[in-house]
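Trainee: Dumping the structure here so I can ask a few things about it.
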Amino acid sequence: MIANAPLAGGAFALGSWHVHRAGYGAMQLSGDGLYGPSGEIDGALDVLRAAVAAGVDHIDTAEFYGTGTVNRLIREALHPYPPGLAIVSKVAARWDAGGSLVRADDPDELRRGIEDNLATLGTDRLAAVNLRMMEPSENPGPRFDAQVAALVQARDDGLIDGVGLSNVSRHHLLRALDHTEVVCVQNLFNLVDQRSYDVLTECQSRGIAFVPYCPLGLPGTQRRRLHADPVLVAVAARLGATPAQVALAWLLDLAPNILLIPGTRSRAHLAENLAAAAIVLDEPARADLAGREQSGAVP
Ligand SMILES: NC(=O)c1ccc[n+]([C@@H]2O[C@H](COP(=O)([O-])OP(=O)(O)OC[C@H]3O[C@@H](n4cnc5c(N)ncnc54)[C@H](OP(=O)(O)O)[C@@H]3O)[C@@H](O)[C@H]2O)c1
């Protein structure tokens, strides 16, 4: 395994912020229920502090990760926040009484969602907030415009620095751009699931940060397939890295506007993931890893 190294991989703009391309996604800290209410996991504060100590300046979170648990952990671990630490959250979902993630995406709910994030994180402003759609396949219409307008209003009121989108199609992105600047788009994207490639390239052409979620694969079959992909495993062995590191390095190599937010509860995996930013893919590795997408990539 390639060992930890000073934070490599360069930086990219996140609106008015400039962040390292190697960041951290905090969702895994919500415990075994992942999104659901759960107890706090051992070592969460250590992982968060170790990430920032290593140079991470971009943390992704959501109020609904553990129903505020993850935001409170971030606050406990890192508040007062160091200057330059970009905390990005997302709104438009909540947990219902039955434990299902449901929409909370009326404009007034989006505003409350932003305010809830600010309260649990203990801050008065976030670097960006993503409007997270339930379904990327939904056609954007007037309702979407009103949702975007709610985030624009929050930005105008000084609650957020940038408007982001998550789980969106290229049509959503273009429609949102008719109304506002967009600083980041967070979609599912990884070596074996590149269905958002058109969104990535649209972002790249406009200088918008593209933040792939589940960069190591959706939980379940897709994640197992990615880690066991024989070509990925062979390239990793040749480069003296782990398959996870090469999967992350492949993303960084693909486009300069990609910002990584791999999630982990483990200090060892954190170090491994940050070290991935120092891996340079050679041409044979690039050629081998091209076309690893699995058709109909489903969870
Ligand atoms: N916008 C959205 O709808 C959305 C959806 C999902 C996630 N997200 C965001 O994206 C972030 C990343 O996604 P994710 O956490 O779901 O998936 P991920 O980063 O692709 O993978 C996380 C999983 O991989 C394991 N892992 C991490 N590093 C590893 C390594 N070096 N070697 C082997 N296994 C490793 C973790 O387990 P260990 O804890 O054991 O390391 C965890 O089970 C989240 O934290 C969240 O902030 C956003």
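Trainee: Please list, in chain and number order, the residues 5+ apart from ALA93 or on another chain whose amide H is under 5 Å from its amide H, with Hs placed from the backbone.
Mentor: Here the answer is ALA104, since their amide H atoms fall under 5 Å of that of ALA93.
Trainee: Okay, next question. Note the angle between two axes, namely the Cα long axis of helix 243-254 and the longest principal axis of the Cα atoms of the chain, as a number of degrees from 0 to 90, rounded to the nearest 10.
Mentor: 70 degrees
Trainee: What is the angle, in °, between the Cα long axis of helix 230-239 and the longest principal axis of the Cα atoms in the chain? Nearest 10 is fine, range 0 to 90.
Mentor: Orientation of helix 230-239: about 70 degrees from the principal axis.
Trainee: OK, next. Share of Cα-Cα pairs in the chain beyond 28 Å, in percent?
Mentor: 33 percent
Trainee: For segment 149-299, give me the percentage of DSSP beta bridges that are antiparallel, rounded to the nearest 5 percent.
Mentor: For segment 149-299, the DSSP antiparallel bridge percentage is about 10.
Trainee: Another question about this same structure. Given segment 121-193, what percent of its DSSP beta bridges are antiparallel, to the nearest 5?
Mentor: Beta bridges within segment 121-193, antiparallel portion: roughly 10 percent.
Trainee: Modelled label-to-label distance, ARG224 and ALA97, 7 Å Cα→beta-carbon offset: nm?
Mentor: Label at ARG224, label at ALA97, 3.7 nm between them.
Trainee: What does the C-alpha gyration tensor say about the overall shape of segment 187-299? Classify as rounded when a/c is under 1.5, otherwise prolate if a/b is larger than b/c, or oblate.
Mentor: rounded
Trainee: Follow-up. With axes computed from alpha carbons, what is the tilt in degrees of helix 197-206 against the longest principal axis of the chain, rounded to the nearest 10 within 0 to 90?
Mentor: The answer is roughly 70 degrees.
Trainee: Suppose only helical runs count, i.e. DSSP H with n ≥ 4. What mean residue ellipticity at 222 nm does that imply for the chain under -39500 (n - 2.57) per run, divided by all residues and rounded to the nearest 500 deg cm²/dmol?
Mentor: Computed ellipticity for the chain at 222 nm equals -11500 deg cm²/dmol.
Trainee: Ranked highest first by average number of other Cβ atoms within 10 Å, how do 192-198, 163-169, 249-255 line up?
Mentor: Taking the mean over residues of other Cβ atoms within 10 Å, the ranking is 163-169, 249-255, 192-198.
Trainee: Now, a different point. What is the antiparallel percent of DSSP beta bridges lying wholly in the chain, to the nearest 5?
Mentor: Looking only at bridges with both residues in the chain, the antiparallel portion is about 25 percent.
Trainee: How many times 2.2 N^0.38 Å is the alpha carbon radius of gyration of segment 82-222?
Mentor: 1.03
Laboratory data are not the source of any read-out in this text; all were calculated from the coordinates shown. Being a predicted model, the structure only gives us computed values, none of them experimental. Counting neighbours? That spans all protein chains shown, and the Cβs are built from the backbone with ideal geometry, glycine included.
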